[in-house]
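K.L.:
A single structure is presented below for examination.
The values are calculated or read from the model by the stated rules, or taken from the named source; none is laboratory data. Note that the structure is a prediction, hence the values are computed from the model and not measured. So basically every Cβ, Gly included, is an ideal-geometry build from the backbone, and we count neighbours across all protein chains shown.
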């Protein structure tokens with residue numbers, strides 16, 4: 001099962017609303033279960049470097065079916081997946097990427113958010129991922 | 001001057017409406033005047049390979065301030081810009097990319113559309129570019 | 001707003017003068033607000049590997065609107081942005097990159113300097129960034 | 001023997017003057033005999049896609065010690081070096097790249113110019129290459 005464009009647009013709208021609510025500027029990417037980009041939005045004046053990072057967070061999340069930040073815990077020096085970021089054309093392994101599931105709990109895609117502290121990136125990603133619940 | 005996200009969303013909505021009208025499935029990318037991705041939409045079941053192509057058409061258009069298909073006329077074997085596609089991380093030089101201008105005629109970004117024949121790609125791109133006129 | 005070539009040349013001249021004053025050899029890159037290379041200078045016998053690094057420092061700075069060294073504090077093992085360097089085709093996150101602003105404080109580009117200790121890279125970058133004040 | 005920064009700046013100044021004289025906007029790159037970037041200038045509002053192309057023309061020229069356009073004659077379909085553009089991270093093989101020699105005729109670097117028709121690119125590159133004669 002794959003997320004539809006209509007669903008991805010709902011995810012992005014919810015993420016954008018949350019970003020405005022907490023007064024920040026974000027880049028928001030939604031990929032499907034095959035890690036293909038489905039929808040993307042760059043809020044005006046958001047960090048340009050986060051256009052790429054938001055997409056990489058979404059892909060990283062779906063590549064390993066866990067939040068991007070969980071991959072990051074495993075990729076630290078001495079940890080089991082040290083420097084896994086070198087794979088797949090470049091991963092981003094800090095928070096801001098979350099799986100998107102359908103109402104039955106099946107993975108249909110992932111959201112990646114970047115533009116502020118990782119805490120705020122995560123809050124906005126959560127709002128996006130929750131939009132389909 | 002750069003296209004805003006609100007304007008880019010209008011461009012994508014107009015392009016999607018045209019794609020539905022002519023019964024096709026498209027990938028639609030909008031970049032700003034610095035060739036940064038501002039908004040993107042992948043219609044359900046559209047070609048996956050066109051996710052990248054639509055973005056490259058938009059960038060190619062802005063890189064040289066002409067429709068992507070015009071670059072392609074110049075890049076044929078024996079033509080002046082043969083194999084220009086090897087620059088800038090890969091160009092796409094067939095039709096489907098058009099400049100986006102503001103009401104005063106100033107370039108604010110570009111649209112790239114891919115998913116069907118280049119004729120249909122161009123028709124959908126035109127509908128998107130016309131949305132801000 | 002984007003830095004002009006004339007302004008970028010002033011920035012490079014000031015950085016070169018400072019490099020000579022402190023008796024070092026530098027690579028100096030200036031990008032515009034869209035991270036496009038506007039001007040570059042490699043001082044005779046400066047490190048060849050720093051040609052790329054100076055450009056990446058300038059881009060990193062503009063990507064996140066902070067000195068490249070500030071990104072580096074956040075990208076250490078255990079820190080929030082660990083391994084962010086894998087994004088955007090490769091970042092450089094140690095000092096030597098600074099924003100360039102116009103007289104009203106608006107970001108118009110960034111300078112990246114590389115060729116010596118990061119302390120000296122920073123000193124030369126600062127001289128360049130200050131040239132438009 | 002390598003071109004010095006002072007010489008490269010003379011080359012760029014001469015190329016810029018010629019570009020202004022013929023009323024066009026160019027990107028101008030100078031590499032040394034090792035194909036390393038020594039100096040670069042992007043004239044305001046020149047094509048963004050030509051930032052990369054000008055550098056690739058300069059490198060292509062020095063890689064094979066012939067004008068970039070000569071390589072292009074050999075890279076056409078059916079010709080001996082068909083699709084040589086795939087090497088070295090991407091070549092650009094149309095006119096606009098010329099060798100730079102010292103007063104004894106020894107190669108010290110190359111200039112690459114991009115921003116207009118290949119005829120004008122060549123004219124501006126020639127003015128730059130002639131500056132050290």
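K.L.:
If only one of A:97, A:105, A:90 is more than 9 Å from every other protein chain (Cβ to nearest Cβ) and in contact with a helix residue (DSSP H, G or I) (Cβ under 7 Å, 6 or more places away or on another chain), which one is it?
P.N.:
Values: A:105 fails: in contact with a helix residue (DSSP H, G or I) (Cβ under 7 Å, 6 or more places away or on another chain); A:90 fails: more than 9 Å from every other protein chain (Cβ to nearest Cβ).
On inspection, the qualifying residue turns out to be A:97.
K.L.:
Do the conditions hold for residue A:45, that is, is it out of contact with any strand residue (DSSP E or B) (no Cβ under 6 Å at 6 or more places or on another chain) and either facing another protein chain (nearest Cβ under 8 Å) or part of a strand (DSSP E or B) (or both)?
P.N.:
Values: out of contact with any strand residue (DSSP E or B) (no Cβ under 6 Å at 6 or more places or on another chain): yes; either facing another protein chain (nearest Cβ under 8 Å) or part of a strand (DSSP E or B) (or both): no.
For residue A:45, the condition - out of contact with any strand residue (DSSP E or B) (no Cβ under 6 Å at 6 or more places or on another chain) and either facing another protein chain (nearest Cβ under 8 Å) or part of a strand (DSSP E or B) (or both) - is not met.
K.L.:
Let me ask something else. Taking region C:107-116 on its own, how many of its residues are part of a loop (DSSP other than H, G, I, E, B) and buried (at least 23 other Cβ atoms within 10 Å of the Cβ)? Don't jump to the end; show me each part of the working.
P.N.:
Of region C:107-116, the ones part of a loop (DSSP other than H, G, I, E, B) are C:115-116.
Remaining after also requiring buried (at least 23 other Cβ atoms within 10 Å of the Cβ): C:115.
The total comes to 1.
K.L.:
So, one more: For region A:67-83, give me each residue that is in a loop (DSSP other than H, G, I, E, B), within 9 Å of chain C (Cβ to nearest Cβ) and either buried (at least 16 other Cβ atoms within 10 Å of the Cβ) or touching a residue at least 40 places away in the same chain (Cβ under 8 Å) (or both).
P.N.:
Listed by number, the residues that qualify are A:75, A:76.
K.L.:
Report yes if residue D:44 is in contact with a helix residue (DSSP H, G or I) (Cβ under 7 Å, 6 or more places away or on another chain), surrounded by fewer than 24 Cβ atoms within 10 Å (Cβ to Cβ) and closer than 29 Å to residue B:33 by Cα, otherwise no.
P.N.:
Numbers: in contact with a helix residue (DSSP H, G or I) (Cβ under 7 Å, 6 or more places away or on another chain): yes; surrounded by fewer than 24 Cβ atoms within 10 Å (Cβ to Cβ): yes; closer than 29 Å to residue B:33 by Cα: yes.
So residue D:44 passes the test.
Quick grid of which residues meet (1) within 14 Å of chain D (Cβ to nearest Cβ); (2) under 11 Å from the mean Cα position of the chain (by Cα):
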| site | (1), (2) |
| --- | --- |
| B:3 | no, no |
| B:12 | no, yes |
| B:18 | no, no |
| B:30 | no, yes |
| B:34 | yes, no |
| B:62 | yes, yes |
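K.L.:
Given the structure, is residue A:92 touching a residue at least 60 places away in the same chain (Cβ under 8 Å), within 13 Å of the chain's Cα centre (by Cα) and surrounded by 20 or more Cβ atoms within 10 Å (Cβ to Cβ)?
P.N.:
no
K.L.:
Of all residues in region D:2-40, which are within 14 Å of residue D:57 (Cβ to Cβ) and in a strand (DSSP E or B)?
P.N.:
Selection gives D:27, D:28, D:29, D:30, D:31, D:37, D:40.
K.L.:
One residue is enough: does region B:123-131 have a residue meeting the conditions at pLDDT 95 or above, farther than 19 Å from residue B:32 by Cα, away from chain D (no Cβ under 14 Å) and not in a loop (DSSP other than H, G, I, E, B)?
P.N.:
Looking through region B:123-131, at least one residue is at pLDDT 95 or above, farther than 19 Å from residue B:32 by Cα, away from chain D (no Cβ under 14 Å) and not in a loop (DSSP other than H, G, I, E, B).
K.L.:
If I ask for residues that are within 12 Å of chain B (Cβ to nearest Cβ) and within 23 Å of residue D:106 (Cβ to Cβ), which ones from region D:48-60 would you list?
P.N.:
D:55, D:57, D:59, D:60
K.L.:
Now for a different question. Before we move on, is residue A:104 surrounded by fewer than 22 Cβ atoms within 10 Å (Cβ to Cβ) and closer than 25 Å to residue B:38 by Cα?
P.N.:
no
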